[in-house]
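Down below is the structure, laid out as structure tokens.
The values are calculated or read from the model by the stated rules, or taken from the named source; none is laboratory data. Computed from a predicted structure; not experimentally measured. When we count neighbours, we look across all protein chains shown, and the Cβ atoms used for this are built from the backbone with ideal geometry, even at glycine. Areas reflect the complete protein model, heavy atoms only, side chains present, ligands, DNA and RNA absent. Shrake-Rupley method; radii C 1.70, N 1.55, O 1.52, S 1.80 Å.
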Amino acid sequence: MLDELQDENRIVLTGVGVAAPNGDSLEEYRSALLAGKSGVQPFETRYIKQPVLAGICHFDEFRYQKKKERRRGTRAGSVSIYCANEAIRDSGIDWENTRRDRVGVYLGITEHGNVETENEIFEIAQFDYDTKVWSHHHNPRTVANNPAGEVTLNLKITGPHLTVGAACAAGNAGFIHAVQMLRLKEVDLAIAGGVSESIHTFGIFASFASQGALAWHEDPAKACRPFDVNRNGIIVAEGGGICTLERLPDAIKRGAKIYGEIVGYAMNSDATDFVLPSASRQSECIALALDKAQLSADDIDIVSSHATATEQGDIEESRALKAAFGDRTTLAINNTKSFIGHAMGAAGALELLGNLPAFQDRIAHATINLDEQDPRCDLHQIVANRPRHMEKVEYILNNSFGMLGINSVLIVKKFPAEHGGVFE
């Protein structure tokens, strides 16, 4: 056992920061998921005549930023700064004595820069397109590395920083990149996960609306309906889920609390269509992650599904899950988007983090709004409307899939309490 604990290829989660539409901390977020509390609300956006529905965050932007810094930066940067600081604080790391050149920041995003570009074009149009009114902050606001870069500025980190553009697979991708950098000894501490400011660009709502894929319901809390035959599209959300990751020996040496161990991951590509997913490629991605973790499908206790409440997306993932896991009755499949909407680059991270406390309470949170399950999504393991008590929760598998056919899967294992595991 001692040799296993000294294995520097083992990577663990040691701090968590959350900004979700229904919670500003892991405790709040988890409580909302177990209570069936939605974070979807009406939201007004430019050029769309009627209010849309969106998952809106309410964290304190100025807990770790001054107003001047926030004005210069971006909403995605603000989400990132909040979550990164929360994760560091939660980790118990002696930040003042941490070598900042050995810290890396790896954040998944779906898109970045649209918000600022739309705002600047709107503003310049009010002045007959006079470029003198164009903000000199535009370039640093819109470069793709902005969210991670804003974290380094805020926390005085001099190690590497990257945003990982992976569409809606990006939350998992941020964690995966951090694992690889830690194993390569490029950094000693990674700040990783996913973030999104998507609700602040009208273009994303307009695009989904033009596809007939933007959800609506008189009761906003019931609008996002993954796997339900009466679903009518996506709810766009903002948010962030960021963790500190460390090599296991380092975490144990400093007496860190450990939320779980990343034991498997995989990414692949459909190579079939710009938007439409492929069940066969998704099931292959799941198989690759299981193989990397040296696990069988029977070892997984909870699958956090990606399902976006779009017809083809839900159906293809259901086929992939059926192919990967069969009809095993002890498996629980749940969905977090039904509570908060689709947080794009943050989706995978938030969905994983919402399930992590199941290692302790052995409860799989529900998929809400599942009143009439689509027969083409014939997964009897879906946890519908009420949380499910589990006999055990040792492994959680997190699915995240995105446009242009990018797929990501992450597997996290419960860590034993006697060696620092948070969850007994």
With a Förster distance of 56 angstrom and the Cβ-Cβ distance between Glu28 and His136, calculated FRET efficiency to the nearest 0.05 equals 0.90
Gyration tensor verdict on the chain (Cα atoms; rounded if a/c is under 1.5, prolate if a/b is larger than b/c, oblate otherwise)
oblate
Whole-percent carbon and sulfur contribution to the accessible surface of the stretch 264-403 (1.4 Å, no ligands, DNA or RNA) stands at 49
Neighbour cut-off at most 15 other Cβ (10 Å), DSSP loop, trypsin sites (Lys or Arg not before Pro), the stretch 1-84
Arg46, Lys49, Arg63, Lys66
If you place +1 on the Cβ of every Lys and Arg, -1 on the Cβ of every Asp and Glu, and leave all else neutral, what size is the dipole of the stretch 40-88 about its Cα centre, to the nearest 20 Debye?
360
How much area per residue is accessible in the stretch 303-424 when the probe is 1.4 Å and only protein heavy atoms are counted (Å²)?
32
Quick one: check the C-alpha center-to-center distance for the stretch 195-271 versus the stretch 78-151, whole angstrom.
19
Could you name the lysines in cross-link range of Lys292, using Cα to Cα under 29 Å and dropping any fewer than eight places away on the same chain?
Lys185, Lys253, Lys257, Lys322, Lys337, Lys392, Lys413, Lys414
Gained length - Phe122 relative to Leu153, 0.36 nm times residue gap less alpha-carbon distance
8.3 nm
Shape parameters for the stretch 176-247, alpha-carbon atoms, Rg then Dmax in Å:
17.9, 52
Could you check how much of the accessible area of the stretch 121-185 is carbon and sulfur, as a whole percent, using a 1.4 Å probe?
59
Once phi for every residue in the stretch 214-219 is put through the Karplus expression 6.51 cos²θ - 1.76 cosθ + 1.60 (θ = phi - 60°), the whole-Hz ³J(HN,Hα) values, with Gly and Pro written as x, are 9, 6, 8, 7, 4, 9
Could you tell me which of Ala266, Ala221, Leu295 has its Cα farthest along the dipole of the stretch 192-297 towards the positive end, charges placed at Cβ (Lys, Arg +1; Asp, Glu -1), taken about the Cα centre?
Leu295
Residues with amide H under 5 Å from that of Gly165, placed H, sequence gap 5 or more:
Ile109
Taking amide H atoms as placed 1.01 Å from N in the peptide plane, list the residues 5 or more away in sequence, or in a different chain, whose amide H sits under 5 Å from that of Ile363.
Met390
Given the whole protein assembly as supplied and a 1.4 Å probe, what does the accessible area of Phe62 come to in Å², nearest 10?
100
For the chain, averaging the sequence separation of alpha carbon pairs under 8 Å that lie six or more residues apart and dividing by its residue count, the contact order in percent is 23
Per DSSP, the loop-located chymotrypsin sites (Phe, Trp or Tyr not before Pro) within the stretch 235-335 having at most 13 other beta carbons within 10 Å are Phe274
Assign one of three labels to the stretch 294-398, namely rounded, prolate or oblate, based on the Cα gyration tensor with a ≥ b ≥ c the square roots of its eigenvalues; rounded applies when a/c is under 1.5, prolate when it is not and a/b is larger than b/c, and oblate otherwise.
rounded
Taking all protein chains in place and a 1.4 Å probe, what share, in percent, of the accessible surface of the stretch 59-106 do carbon and sulfur account for?
42
Could you size up the charge dipole of the chain around its Cα centre, putting +1 on the beta carbon of Lys and Arg and -1 on that of Asp and Glu, and report it in debye to the nearest 20?
780
If you filter the stretch 286-395 for GluC sites (Glu not before Pro), then keep DSSP loop positions with at most 16 other Cβ within 10 Å, what is left?
Glu372, Glu391, Glu394
What helices does the chain have that are whole DSSP H segments, at least 18 Å long along their own axis by Cα, and with mean Kyte-Doolittle hydropathy of -0.5 or more?
75-91, 170-183, 279-293
Considering only DSSP beta bridges with both partners in the chain, what is the antiparallel share in %, to the nearest 5?
65
So what J values fall out for the stretch 50-62 if you push phi through Karplus, 6.51 cos²θ - 1.76 cosθ + 1.60 with θ = phi - 60°, rounded to Hz, Gly and Pro as x?
9, x, 9, 10, 8, x, 10, 8, 10, 5, 7, 5, 9
Sequence-distant or interchain residues sharing an amide H contact under 5 Å with Val275, placed H: which?
Leu404
Which shape class, rounded, prolate or oblate, goes with the stretch 156-307 when its Cα gyration tensor gives a ≥ b ≥ c as root eigenvalues, a/c under 1.5 marks rounded, and past that a/b bigger than b/c marks prolate?
prolate
Relative contact order of the stretch 308-424 (C-alpha contacts under 8 Å, at least 6 apart) in percent is 25
With the convex hull built on the alpha-carbon atoms of the stretch 357-419, volume per residue in Å³ sits at 117
Rounded to the nearest 20 debye, dipole of the stretch 271-339 from Cβ charges on Lys, Arg, Asp, Glu:
60
What order do Met344, Met267, Met181 take when sorted by accessible area (1.4 Å probe), most exposed first?
Met267, Met181, Met344
Principal axis box of the stretch 1-40, alpha-carbon based, largest edge first, Å:
46, 17, 13
Where only protein heavy atoms count, and the probe is 1.4 Å, what is the accessible area per residue for the stretch 1-85 in Å²?
49
Please enumerate, by chain and number, the lysines with C-alpha under 25 Å from the C-alpha of Lys132, excluding those fewer than 8 residues away in the same chain.
Lys67, Lys68
Got a sec to turn the phi values of the stretch 184-195 into Karplus ³J(HN,Hα) couplings, 6.51 cos²θ - 1.76 cosθ + 1.60 with θ = phi - 60°, whole Hz, x for Gly and Pro?
7, 6, 6, 9, 9, 9, 10, 10, 8, x, x, 9
